[in-house]
Ligand code: AOF
Ligand code: ZN
């Protein structure tokens with residue numbers, strides 16, 4: 001077992017970020033060498049691959065295909081490092097476990113078991129039944145971290161929630177009436193567009209939709225900026241809460257350029273029809289709106305949501321303990337008055353500090369939710 005190779009597999013997996021959802025990011029490295037009981041041999045990577053895009057070949061297939069014909073005979077003495085349990089089901093592609101068995105690889109080492117009930121241990125069972133040595137739990141934490149969205153989706157039956165806001169040096173997040181003010185700088189702005197391209201959905205509350213008229217797209221993270229330079233620039237699904245369906249239909253959000261979901265609590269005798277806009281009714285007596293939202297998004301297979309404000313919406317996620325990450329920009333500017341950022345933080349909110357770094361003029365701090373919060 002060699003963590004160096006798993007690290008490489010994790011690195012490859014991450015190249016799929018923003019392109020594979022609702023599938024996990026998976027990387028695979030095939031090694032021939034001493035671990036394969038070859039005396040005096042140096043371990044050598046004979047193949048590698050990753051899951052590049054939703055619907056495309058899985059990591060193991062790409063790795064096996066990358067093996068040069070002259071190395072193909074080494075596969076029977078190889079160790080396959082793959083970040084997730086190889087699949088056992090017929091999905092968009094045939095089972096990866098079968099492929100590894102056909103190629104008679106010697107060992108398979110993974111970070112994590114696949115939480116998808118279609119797989120969940122059956123991939124390993126298949127491999128073992130075919131006489132392949134299986135190891136799992138190698139760099140398990142890094143593996144879970146990489147696919148936090150995928151694991152949250154299957155284990156908690158809800159999307160991974162990222163709360164994001166910007167505050168001024170004197171701690172304000174918006175003007176007096178919650179009016180939006182420009183707080184963070186140009187680089188932070190661009191980074192947010194990159195984040196948007198990495199998540200399945202992006203959400204705002206009614207006031208932000210009305211006052212800000214946001215487009216919620218990824219125009220500042222152009223195609224060339226992505227790791228694959230594929231000419232593929234993914235825009236997230238937009239989500240807006242509009243309880244009484246009072247928002248002006250000429251807002252950018254409703255322009256039909258991206259799938260948009262409107263959650264409301266106003267009973268309707270007919271469902272409005274608009275291109276790319278769907279309406280989801282949450283009956284008032286059916287419990288908290290956010291609970292309805294989580295269930296509905298889970299059904300739609302949305303694995304992550306970037307919540308961009310405003311204050312009321314951020315606060316309700318925090319109060320419900322419904323969040324996994326907080327990303328906070330602090331700018332050097334002073335506002336002198338307005339809505340205090342502290343007001344959106346519920347008293348019980350505690351997060352683990354993950355990182356703090358400069359983004360242009362601003363400082364970005366990232367927290368993750370502590371278990372039990
Ligand atoms: C692997 N290697 O690279 C990935 C796996 O829709 P499909 O057919 O692509 O299947 C998706 C499921 O397969 C996904 O939910 C997860 O359980 C597994 N993903 N498995 O062996 C891979 N991406
Ligand atoms: Zn597979």
Task: Sole residue being over 18 Å from residue 333 (Cα atoms), under 12 Å from the mean Cα position of the chain (by Cα) and not in a strand (DSSP E or B), chosen from 190, 149 - done: 149
Open item on the list: Looking at the range 101-115 only, could you name the residues that are surrounded by fewer than 21 Cβ atoms within 10 Å (Cβ to Cβ) and either within 23 Å of residue 303 (Cα to Cα) or not assigned by TED's automatic domain parsing to the domain that holds residue 60 (or both)?
Closed with: 113, 115
Open item on the list: With the condition being farther than 27 Å from residue 21 by Cα and over 20 Å from the mean Cα position of the chain (by Cα), I'd like the strands (runs of 3 or more DSSP E) fully within the range 254-361 carrying at least 2 qualifying residues.
Closed with: 351-359
Open item on the list: Any residue at all in the range 195-202 that's in contact with a helix residue (DSSP H, G or I) (Cβ under 9 Å, 6 or more places away or on another chain), buried (at least 17 other Cβ atoms within 10 Å of the Cβ) and modelled with pLDDT of 95 or more?
Closed with: yes
Task: Filter result (free of Cβ contacts under 8 Å to residues at least 60 places away in the same chain and farther than 21 Å from residue 75 by Cα) within the range 1-28 - done: 11, 16, 20
- [ ] Would you point out the residue of the range 157-184, among those that are at pLDDT 95 or above and farther than 19 Å from residue 345 by Cβ, that is surrounded by the most Cβ atoms within 10 Å (Cβ to Cβ)?
- [x] 159
Task: Yes/no for residue 61 being away from ligand 2 (no atom under 16 Å from the Cβ), at pLDDT 95 or above and touching a helix residue (DSSP H, G or I) at 6+ places or on another chain (Cβ under 8 Å) - done: no
Open item on the list: Take the residues in the range 129-145 that are outside any loop (DSSP other than H, G, I, E, B) and out of contact with any strand residue (DSSP E or B) (no Cβ under 8 Å at 6 or more places or on another chain); name whichever of them is surrounded by the most Cβ atoms within 10 Å (Cβ to Cβ).
Closed with: 145
Open item on the list: Please verify whether residue 115 is part of a loop (DSSP other than H, G, I, E, B), modelled with pLDDT of 95 or more and either farther than 24 Å from residue 2 by Cβ or within 16 Å of ligand 2 (Cβ to nearest atom) (or both), treating the condition exactly as stated.
Closed with: yes
- [ ] State yes or no: is residue 68 without any contact (Cβ under 8 Å) to a residue 40 or more places away in the chain, away from ligand 2 (no atom under 16 Å from the Cβ) and more than 21 Å from the chain's Cα centre (by Cα)?
- [x] yes
Task: Candidate set: the range 83-98, residues that are touching a strand residue (DSSP E or B) at 6+ places or on another chain (Cβ under 6 Å) and either in a loop (DSSP other than H, G, I, E, B) or more than 8 Å from ligand 1 (Cβ to nearest atom) (or both); chosen: the one nearest to residue 45 (Cα to Cα) - done: 83
Open item on the list: Every residue in the range 75-104 that is away from ligand 2 (no atom under 14 Å from the Cβ) and under 14 Å from residue 126 (Cβ atoms), please.
Closed with: 104
- [ ] State yes or no: is residue 80 part of a helix (DSSP H, G or I), assigned by TED's automatic domain parsing to the domain that holds residue 113 and either touching a strand residue (DSSP E or B) at 6+ places or on another chain (Cβ under 6 Å) or over 15 Å from residue 104 (Cβ atoms) (or both)?
- [x] no
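The values are calculated or read from the model by the stated rules, or taken from the named source; none is laboratory data. Every value quoted in this text rests on a predicted model; they were computed, and no experiment measured them. Backbone-built Cβ (ideal geometry, glycine too); neighbour counts: all protein chains shown.
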